[in-house]
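Below is one structure; the comments refer to it alone.
The values are calculated or read from the model by the stated rules, or taken from the named source; none is laboratory data. These numbers were taken from a predicted model, which means no experiment stands behind them. FYI the Cβ positions are ideal-geometry reconstructions off the backbone, even for glycines, and counts take in every protein chain you see. Note: accessible area is taken over every heavy atom of the protein model, side chains too, but ligands, DNA and RNA are not part of it. Shrake-Rupley method; radii C 1.70, N 1.55, O 1.52, S 1.80 Å.
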Amino acid sequence: MRKKVIAANWKMNGTLEQANALLDAFAAAPLTVNENKIAVFAVPAPYLMLAKEKLSGNPYLQVAAQNCYSKKSGAYTGELSVEILQSIGINYVVLGHSERREYFGESNAFLADKVNICLEYNITPIFCCGEPLEIREADTQNAFVAKQLQESLFHLSASEIVKLVIAYEPIWAIGTGKTASSAQAQEMHASIRSVFAAKYGAEVASIIPILYGGSVKASNASEIFSETDVDGGLVGGASLIADEFIKIINA
Ligand code: PEP
């Protein structure tokens, strides 16, 4: 049985006061999480330890970094290493978000190096993929996403690939209020699973969680999450509103 994962991506948002209030609300809320369904909070780096501490009462609430560098440590001013993340007990990191790819020039090859160092340090990458609008309009999204996966992940062994969580996020749906239909999400998730099946076999592909991201809200979460190959969500804007994100987790 593959895990369900609901991940919050706070991005570069929230003062310390707001972070405290949100984390307190999530820690106190009745959440339907368990060993097969976890919630992960990707908070800004200065709040990682605070989030660990505040959510420590529930083992199914995990904390993620929003990024890390591809080297273990060293003279890379401003970067965040897996060694640091491991030392403060962080088990997840979001990699390859479209904002990192677009604004910071992260390539598929560079992301392959980041995936490697995370696995070396037992940190689970939540690996993002997804197409821009012009690729969707040209109806070449399946090949585009397959290439992202092939170039960043296909050097991994089967025992390594099953440690990842994949997040499919069509760029045209991120922060735009425009959601992929549940049929569009299912179609792409099935395509992603078939790309993994062709390389690693159907059994391996069947245990990799594939999350959907792109304007998920409390009002559309259950419909999207009910699709066969959708195993949860990566949620930006709505994860900054406690009531809204609590409903999404429980959907
Ligand atoms: C995201 O940042 O990964 C995201 C999906 O954002 P939003 O939910 O705001 O579209």
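Extension gain, residue 87 to residue 207, is 40.4 nm, computed as 0.36 nm per intervening residue step minus the present C-alpha separation. Straight-line reach from residue 71: taking Cα to Cα under 16 Å and skipping same-chain neighbours fewer than 8 places apart, the lysines in range are 114.
Size descriptors for the stretch 124-251: radius of gyration and Dmax over Cα atoms are 14.2, 41 Å. Across q = 0.08, 0.09, 0.13 Å⁻¹, the chain modelled as identical point scatterers on its alpha-carbon atoms has Debye log10 I(q)/I(0) values of -0.27, -0.35, -0.76, in the order of the q list. Here residue 3 is the anchor, and the aspartates and glutamates within straight C-alpha reach of less than 14 Å, apart from those fewer than 8 places off in the same chain, are 35, 229, 231.
Using the 1.4 Å probe convention, the accessible area of the chain works out to 43 Å² per residue with neighbouring protein chains retained. Near residue 62, once Lys and Arg are set to +1 and Asp and Glu to -1 for all other residues with Cβ below 15 Å from its Cβ, the sum equals +4. Given the pairs 163/199; 52/72; 37/199; 52/217; 178/217; 147/178, which are separated by over 19 angstrom at their Cα positions? With Cα atoms farther than 19 Å apart: 52/72; 37/199; 52/217; 147/178. Place a point 7 Å from the Cα of residue 198 along the Cα-to-Cβ direction; which residues of the stretch 141-168 have their backbone N under 18 Å from it? Taking a point 7 Å out along Cα→Cβ of residue 198, the residues of the stretch 141-168 whose backbone N falls under 18 Å are 141-156, 158.
What does the charge count around residue 22 come to, taking other residues whose C-beta lies under 15 Å from its C-beta (Lys +1, Arg +1, Asp -1, Glu -1)?
Details: positive: 11, 52, 54, 247; negative: 17, 24, 53, 243, 244.
Here the charged neighbours net out to -1.
Here the alpha carbons of the stretch 1-79 define both size measures, Rg and Dmax, at 13.9, 44 Å. For residue 40, the residues whose amide H sits under 5 Å from its own are 6, 7, 8, 62, ignoring neighbours fewer than 5 places away on the same chain, with H placed 1.01 Å from N. Here the chain exposes an accessible surface that is 53 percent carbon and sulfur, computed with a 1.4 Å probe and the other protein chains kept in place.
Here the extension length gained between residue 120 and residue 60 equals 19.3 nm, from 0.36 nm per residue of separation less the Cα-Cα distance. Given a 1.4 Å probe and the protein chains as shown, residue 71 ends up with an accessible area of around 90 Å².
Here, the stretch 84-197 is characterised by an Rg to Rh ratio of 0.97, where Rg is the alpha-carbon radius of gyration and Rh the Kirkwood radius.
Here is what passes the span test in the chain: the DSSP H helices with alpha carbon length of 20 Å or more along the helix axis and a Kyte-Doolittle mean of -0.5 or above are 182-200.
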